[in-house]
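The values are calculated or read from the model by the stated rules, or taken from the named source; none is laboratory data. Fair warning: this is a prediction, and the values are worked out from it, not measured in the lab. Here Cβ is always computed from backbone atoms with ideal geometry, including for glycine, and neighbour counts include all displayed protein chains. For the accessible areas, the whole protein counts, side chains as well, though only heavy atoms, and no ligand, DNA or RNA atoms are used. Shrake-Rupley method; radii C 1.70, N 1.55, O 1.52, S 1.80 Å.
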Amino acid sequence: MRVYLPATIGMLRKFVADGKFTPVSGTAFALTPTLRESYISGDTEELEYAALADAARASLRLIAAEEDGEEFPRRVVISADVDDVTLRPDLDDAVVRIGGAVSLDEVAAVHVDLIEAERDVRAAAEVVDEADLGNPDAEFVLGGAEDHELAWYAPQELPFLLELM
């Protein structure tokens with residue numbers, strides 16, 4: 001199953017160095033039956049994009065949780081194909097748990113914000129919890145970050161991407 005794993009630039013660096021990535025609590029996002037049912041229409045590509053967007057929002061939470069602050073506040077989503085997946089519709093429509101670490105050879109792509117998004121991402125990370133609770137001002141700030149499209153990188157490009165940061 002294709003899963004979308006939220007991460008940060010620091011986590012991505014560690015992934016490239018170690019060759020394996022274990023998402024926080026095993027949490028990932030995917031096109032699940034529950035997600036498909038929650039939309040009136042949409043093809044597979046559109047619904048997978050919705051799961052990726054959920055993972056990007058989760059990346060904001062990881063950025064917010066960084067104790068010393070993320071040096072490069074950019075959302076990171078790792079797309080990987082894994083077999084050991086447990087559906088978790090009790091948590092949210094697209095949430096799944098994976099059974100262990102993901103290796104670089106399971107990665108299909110990595111999606112990362114461009115430098116232009118950093119200011120908006122930093123601001124959104126500060127208010128993501130408030131937005132989840134329905135604060136309209138926080139939702140507006142969050143929308144500023146979500147207006148930025150994530151850039152796509154092949155797994156073999158990751159060392160070069162990280163070197164440029």
Between the residues 110, 140, 41, the Cα farthest towards the positive end of the dipole of the chain, that dipole coming from +1 and -1 charges on the beta-carbon of Lys, Arg, Asp and Glu, is from 110
Counting only protein heavy atoms and rolling a 1.4 Å probe, one gets per residue an accessible area for the range 119-165 in Å² of 65 Å²
Coil-residue GluC sites (Glu not before Pro) of the range 77-165, DSSP, other Cβ within 10 Å capped at 16:
149
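Given a 1.4 Å probe and every protein chain left where it sits, what share in percent of the accessible area of the range 121-165 is carbon and sulfur? Could the numbers behind the result be given before it?
Values: 1570 of 2850 Å².
Here carbon and sulfur together make up 55 percent of the probe-accessible area.
Over the Cα atoms of the chain, what is the Rg over Rh ratio if Rh follows Kirkwood? Mind dumping the intermediate values first?
Working: Rg = 15.1 Å, Rh = 16.0 Å.
Radius of gyration relative to Kirkwood radius: 0.95.
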Using unit Cβ charges (K, R positive; D, E negative) and no other charged atoms, how large, in debye to the nearest 20, is the dipole of the range 1-153 about its Cα centre?
460 debye
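Taking the Cα centre of the range 96-158 as the origin, how large is its charge dipole in debye, to the nearest 20, when only Lys and Arg (+1) and Asp and Glu (-1) carry charge on their Cβ atoms?
260 debye
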For the range 116-143 versus the range 17-31, the gap between their alpha-carbon centres in whole angstrom
24 Å
